[in-house]
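The values are calculated or read from the model by the stated rules, or taken from the named source; none is laboratory data. Since the model is a prediction, treat every value here as computed from it, not as a measurement. Here the Cβ is made from the backbone with ideal geometry for all residues, glycine too, and neighbour counts use every protein chain on show.
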Amino acid sequence: MSKVYIALQDNDESRYIVAAIEADNPDATVIYMPAMIRIENECNLTINRESVEEQMGRDWDVQELHINLITLGGNVEEDDDSLSLHWNE
Amino acid sequence: MTVKKLNIKDKYRLLTRDLDWDYSYHERKEAFPFEEFEGIKITDWSKWEDPFRLTMDSYWKYQAEKEKKLYAIFDAFSQNNGHLNVSDPRYVNAIKIFLTGVSPLEYQAYQGFAHVGRQLGGVGARVACQMQSLDELRHVQTQIHAMSHYNKFFDGFQEFSHMHDRVWYLSVPKSFFNDARSAGPFEYMIAIGFSFEYVLTNLLFVPFMSGAAHNGDMATVTFGFSAQSDEARHMTLGLEVIKFLLEQHEDNLPIVQKWLDKWFWRGSRLLTIVAMMMDYMLPNKVMSWKEAWEVYFEDAGGALFKDLARYGIRMPKYSETIKKEKEHISHQAWWTFYTHGHATGFHTWIPSDEELDWLSEKYPDTFDKYYRPRWELAKQMEAEGKRFYTKALPQLCTTCQIPMLFTEMDDPTQISYRDTVYEGERYHFCSDGCKDIFEEEPEKYVQSWLPVHQIYQGNCGGPGVEDILSDFYRMNLGNDNLDIKGSPDELRWKAWKNTA
Amino acid sequence: MTLEIKTATLDSVRNTFAHIERRFGDKPATRYQEATYDVQSENYLHYRPLWQPDKELNDPSRTAIIMEDWYAFRDPRQLYYGTYVQQRAKMQEVAENNYSFFEKRSLVNHLDDSIKDKLVRYLIPLRHMEHTANLNNMFASSYGYGTAITQACLFNGMDRLGIAQYLSRIGLILDANSGEALAKAKQLWMADENWQGLRACAEEMTITEDWFEVLVAQDVVADSLIYDLYYNQFDAWLQDNNAQDVGMLMEFMQVWAKESNRWVDAVLKTAAAESDENKALLEQWITKWKAKFMQSLEALSGEMLGGESLRAAEAVLNKRLAKAGLYK
C-alpha cells in the first residue's frame, strides 16, 4: 500500500491541526523537520473540521488549511467538514 | 422561506459552473480554437472535478494572509542584514542559479496558465488554471523580492532577466518552458500541470528550499514554504487533469502516455542543474541527489503510477535510464561548470576534503572510481597556480540544450553521442531520450536557438569569448564569474564577518 | 532621553537590479518596479507556438497598437501580486461582513417581490457578462506584451470572476439557496429579447483577435456603460424605491470599479498619447464597439431605468474618453 502524506508549516496554529490529525488517525506517523511537520499514513488520512475546532478552541473552516499547508500527496476529497487523502489501489 | 443549507460542492457549482453557455450568435469554436488539434477528445466538460473549491473571495483572503507573513519576514531579513547568516558565501551561488534559471520559468508558467486558463472549453478547468496563473505570478514576484536583498550584496543577480534570455546554460530551463508553452493546451497541462508540478516538483523544491533552511537563508526558505502551499493546489490540478483526460475517452491514452514519456525525460534533464546544486553547492548538505531521487521519485512516484495503472498508464519511458543516471549526473554537471567557470554568472570551486568524503560515502559505486581523481588533479593544478578553465565552447544537445557531458550509462568513460539527419542536416543529442523527442517533432526542435551555435554563427557579438560574455551576456567579468577564491563576493564576506 | 538603536551598516554593492537601474537610475527601487519591469522574456525564443505558427510566444504584433516601450503602461495603482491580494482582501472583508449581515438579518424579506423580480431580471444575468469579462481579460493577459499591462489584465480577469461569484451569491440570497434565481437568470440571458444584444456582443468579443481591441471593447466601452447603469443609476433607483439594503451587496463592485478605472484610464491615455496611429485605431475600435453596446443596451436600460438612462451612461463614457485625449 502506498503512503499518503501532508506537510504543514511548523507554527502555533499547525500544532492544533496536527493534534487533531493524530487523534483521528492513530496509525499516522508524525515527523518533525526544520520548519515543517510531515504526517504520513498508509492509504488514507483525514482532517476533520470538528476535531480541529476542538483543539483550537474556535470555529475553523477547512479551507483555512491553505494558510499552513506546505504540500500533500494523494487524491484529495474536500467538503465542509473534512479533507481527506487517499490512493486508489 | 427557509434558507436551504448548501454544502461546499453545491455552492461552488452554483457560483461557478453555470457561468458559461452554448453560443448562438457566433461560432464557439472560434472563441476556443485550440481544443481539437492535438487529437484529444473531450466528451463532457461537466465531468471535471474541482478538488479545491476556492472562490475568489476566499483566495484573496487566504493569499493575503500568506503575503503579510511573507513580506514581514522579507522586511526583517533585510533590516537585519540576514544575508550574513548564511553558512558560507559559496551557498549564495546556488540561489544565483535559482533567480537566473528558475524564477523566469515561474513567469512563463504564469503566461502558460493564463493561456490555457482562457483557451480550455470547460469553466471549471479554466478557473483552476487561472488561479494557478495568478499563483505563478506570485512566485516569480516573491522570488524577485526575496533575492532583492542578496542582489544588493552579492554579484551575479543583477542581470537575471537579460541573462536568462541569452546565456548558454540558461537556455536549458528557458527552452524547456518555451517547449511547453508552444505546445497545445492539453500537452501543456500534462507537461507542466502534471509531469512537472506533480511528479517532479519535489525534486526542485526540496533541494533549493531545504538547502536554504540548512544554510541559514531565511528569505528563501520562507518563500519556499509559502509557495509550497500554492503547490498543493497545483498538484491536485495536475492529478485531476490526467485523470480527466484518461476518463474522457480511451483514444486519449496513447497521446497522454507519449507526452508523459517526453516530459518526464525533458524534466529529468532539466533537473541536472538541481542535482549538481544539491551535491556540490550546499555547504551544509540536505541529502544527496541520489537519495532525493530515490525518495521523491522512485518511492513517491511509484505510488502515483500504481494509482494510474488502472487507466493503462505505465511508468514513463527511460525511467530505468534515469535510475542509473542518478549516480552520475551531478558529478558530470559540476565538473562541466567548474571547468567552464570563466563563462558562468556564478562562482565555482573544488569541493573541500570533507565534501569529497561525503560524496564518496553517498556515491559508493561511482564517485571514487570516476570522479574523485578529477578533483585530485584539479586541486593539484590549483596549488600550482594553474586553476583550469576550458578554452573551447561545448557542443549542446539540440533538444535539452545541455552540453554533451552525459556518458553512456553502462560505460561512464564514454560520452553519450546520438545523432540524426533531418532534411540534409545532422543534429546531435546527448541521449536516446532527447533524440526520440526530436524525431517525434523535428519541425519544432530545428528552431532551437542554441547559444553555442549562435555564438559560432556570429549572432552574439564577439569576436572573442570575453567580448561575448561582457557585451552580449552583460556579465561583470572578474566579479560574476571565475572561482570563489579571490572573488569580490568572498572578499566582501570576509570583511563583513570582521566588522558586523 | 532618546534611545538610538545601533545597527551595523554595511555598504551595499548596488541599489537594485541592473535593468531597473538602467530605467530609473542608481537608487533603491520600489517593490512594484522590481516585480514588473523587464521581467518578461523578450528575445531568442526557441519555438513558435504550434497553435499560432505565424507568431512568437511573446509577440508585440498580436495587436495593431504599436508601442516604443510596452512598459510605458505603468499601473498608477502599482499593484503587483502582494499588494493586489492584500487590497482585495480588505475589500473582501467588508463585502463579507455586508453579505453576512444581510443574510443573518434576512434583509431579503424586506424586499418587495417586485424588487426581487427586478433583480433577477436585470442584475443576476450580468454574471454572464462578468464571466465574459473574465475571458476577455485573460485573453489580454495571455496575448499581451510586457509585464506592466499583462499583470494588470490578469488581476482584472480574476476580479471579474470574483464579481460574477458575488452576483451569483445575490441570486442565491433571493431564492433561499434553491438555485432557481440563477436558473431563471440564465434562461433570460439565453432567450429574453432584452439580453440578446448583449449576449451577441459578449460572444463577438470572445472571437475578436486583437487583444488590445478586446481590452478596449470590454474594459472601456462595455464596463463604462454597464457599471454606470447598474452600480450608479440602478443603485440610486433601489435606494429611492425602498431597497437600499441591496446596496450592501453591490458595494464591492462600486469600490472595485473606482479603483480599476484608474488603471483603465491610464492605459487608454498612454496608448493614445504614443502616436497618431494608435489614437486613430483606438477611436476606430471605440466607435465600433460603442455603437454595438449602445444598441444592445437600449431596450434593457429603458425597461430597467427609463429612456434617458443610457444617454447618461454614454455621457460618463464620453467624459472618460475625453480625459484620455480621444476624439479631440
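Out of the residues in segment C:170-179 that are assigned to a helix (DSSP H, G or I) and more than 7 Å from chain B (Cβ to nearest Cβ), which is nearest to B:D22 (Cα to Cα)?
Looking at residues that are assigned to a helix (DSSP H, G or I) and more than 7 Å from chain B (Cβ to nearest Cβ), I get C:G171.
Can C:L182 be described as facing chain B (nearest Cβ under 9 Å), at pLDDT 95 or above, surrounded by 23 or more Cβ atoms within 10 Å (Cβ to Cβ) and more than 20 Å from the chain's Cα centre (by Cα)?
Working: facing chain B (nearest Cβ under 9 Å): yes; at pLDDT 95 or above: yes; surrounded by 23 or more Cβ atoms within 10 Å (Cβ to Cβ): yes; more than 20 Å from the chain's Cα centre (by Cα): yes.
Here the answer is yes, as C:L182 does meet what is asked.
Residues that are of a type outside the set (V, I, T) and without any contact (Cβ under 8 Å) to a residue 24 or more places away in the chain: find the helices (runs of 4 or more DSSP H) completely inside segment C:213-328 holding 1 or more of those.
C:235-240, C:246-274, C:276-305, C:309-323
Go through segment C:137-167 residue by residue and tally those that are polar (S, T, N, Q) and either touching a Cys at 6+ places or on another chain (Cβ under 9 Å) or more than 9 Å from every other protein chain (Cβ to nearest Cβ) (or both).
Adding up the residues that qualify gives 4.
Suppose we filter B:K61, B:K66 for residues that are crowded, with 18+ Cβ neighbours inside 10 Å, more than 28 Å from the chain's Cα centre (by Cα), at the interface with another protein chain (Cβ under 7 Å from one of its Cβ atoms) and not aromatic (F, W, Y); which single one remains?
Of the residues listed, the single one that is crowded, with 18+ Cβ neighbours inside 10 Å, more than 28 Å from the chain's Cα centre (by Cα), at the interface with another protein chain (Cβ under 7 Å from one of its Cβ atoms) and not aromatic (F, W, Y) is B:K61.
Given (1) at the interface with chain B (Cβ under 8 Å from one of its Cβ atoms); (2) at pLDDT 95 or above, identify the lone condition not met by C:G197.
Unmet for C:G197, out of (1) at the interface with chain B (Cβ under 8 Å from one of its Cβ atoms); (2) at pLDDT 95 or above: (1).
How about segment B:177-207: which of its residues are at pLDDT 95 or above, assigned to a helix (DSSP H, G or I) and surrounded by fewer than 23 Cβ atoms within 10 Å (Cβ to Cβ)?
B:E187
For segment B:275-315, which residues satisfy the criterion of being among the small types (G, A, S) and in contact (Cβ under 8 Å) with a residue 40 or more places away in the chain?
Selection gives B:A275, B:S288, B:A292, B:A300, B:G301, B:G312.
Please go through segment B:34-49 and give me each residue that is surrounded by fewer than 20 Cβ atoms within 10 Å (Cβ to Cβ) and in contact (Cβ under 8 Å) with a residue 24 or more places away in the chain, ordered by number.
Passing the criteria: B:E35, B:F37, B:E38, B:G39, B:K41, B:I42, B:T43, B:D44, B:W45, B:S46, B:K47, B:E49.
So which helices (runs of 4 or more DSSP H) stay within segment B:208-306 end to end and still have 1 or more residues that are away from every other protein chain (no Cβ under 14 Å)?
Values: elements: B:211-214, B:218-248, B:252-270, B:272-280, B:289-293.
Because the criterion is at least 1 residues that are away from every other protein chain (no Cβ under 14 Å), the helices (runs of 4 or more DSSP H) in segment B:208-306 that meet it are B:218-248, B:252-270, B:272-280, B:289-293.
Counting just the residues of segment B:1-52 that are among the aromatic types (F, W, Y) and in a loop (DSSP other than H, G, I, E, B), which one comes out farthest from the other protein chains (Cβ to nearest Cβ)? Give the derivation first.
Here is the first cut: in segment B:1-52, the residues among the aromatic types (F, W, Y) are B:12, B:21, B:23, B:25, B:32, B:34, B:37, B:45, B:48, B:52.
Filter again for in a loop (DSSP other than H, G, I, E, B), leaving B:21, B:23, B:25, B:32, B:34, B:37, B:48, B:52.
Working: B:W21: 6, B:Y23: 5, B:Y25: 4, B:F32: 8, B:F34: 5, B:F37: 7, B:W48: 14, B:F52: 6 Å.
This residue is B:W48.
Being within 9 Å of chain B (Cβ to nearest Cβ) and out of contact with any helix residue (DSSP H, G or I) (no Cβ under 6 Å at 6 or more places or on another chain) is the filter; apply it to segment C:57-90 and report the residue that is nearest to C:S260 (Cα to Cα).
If we take residues in segment C:57-90 being within 9 Å of chain B (Cβ to nearest Cβ) and out of contact with any helix residue (DSSP H, G or I) (no Cβ under 6 Å at 6 or more places or on another chain), then C:Q87 is nearest to C:S260 (Cα to Cα).
Restricting to segment B:80-125, name every residue that is in contact (Cβ under 8 Å) with a residue 12 or more places away in the chain, within 12 Å of chain C (Cβ to nearest Cβ) and in a loop (DSSP other than H, G, I, E, B).
Passing the criteria: B:N81, B:L120, B:G121.
State whether the residues of segment B:101-117 include one that is surrounded by 22 or more Cβ atoms within 10 Å (Cβ to Cβ), under 21 Å from B:V286 (Cβ atoms) and not aliphatic (A, V, I, L, M).
Yes, because at least one residue in segment B:101-117 is surrounded by 22 or more Cβ atoms within 10 Å (Cβ to Cβ), under 21 Å from B:V286 (Cβ atoms) and not aliphatic (A, V, I, L, M).
So C:E103 ticks every box in (1) part of a helix (DSSP H, G or I); (2) more than 19 Å from the chain's Cα centre (by Cα); (3) within 12 Å of chain B (Cβ to nearest Cβ); (4) within 28 Å of B:H139 (Cα to Cα) but one. Which box is left unticked?
Just one mismatch for C:E103, condition (4).
Test C:S142 against the stated conditions and say whether it is at pLDDT 95 or above, under 24 Å from C:V220 (Cβ atoms) and among the small types (G, A, S).
In short, yes.
Limited to segment C:71-89, what total is found for residues that are closer than 24 Å to B:D135 by Cβ and assigned to a helix (DSSP H, G or I)?
Within segment C:71-89, residues that are closer than 24 Å to B:D135 by Cβ and assigned to a helix (DSSP H, G or I) number 10.
So, in segment B:450-487, how many residues would count as being among the aromatic types (F, W, Y) and surrounded by fewer than 13 Cβ atoms within 10 Å (Cβ to Cβ)?
Residues that pass the stated criteria total 1.
Within segment C:226-249, identify whether any single residue is touching a helix residue (DSSP H, G or I) at 6+ places or on another chain (Cβ under 8 Å), under 22 Å from C:E103 (Cβ atoms) and within 14 Å of another protein chain (Cβ to nearest Cβ), and answer yes or no.
Within segment C:226-249 (the criterion being touching a helix residue (DSSP H, G or I) at 6+ places or on another chain (Cβ under 8 Å), under 22 Å from C:E103 (Cβ atoms) and within 14 Å of another protein chain (Cβ to nearest Cβ)), the answer is yes, since at least one residue qualifies.
Residues of segment A:1-37 being out of contact with any helix residue (DSSP H, G or I) (no Cβ under 6 Å at 6 or more places or on another chain) and among the polar types (S, T, N, Q), which ones?
A:N11, A:N25, A:T29
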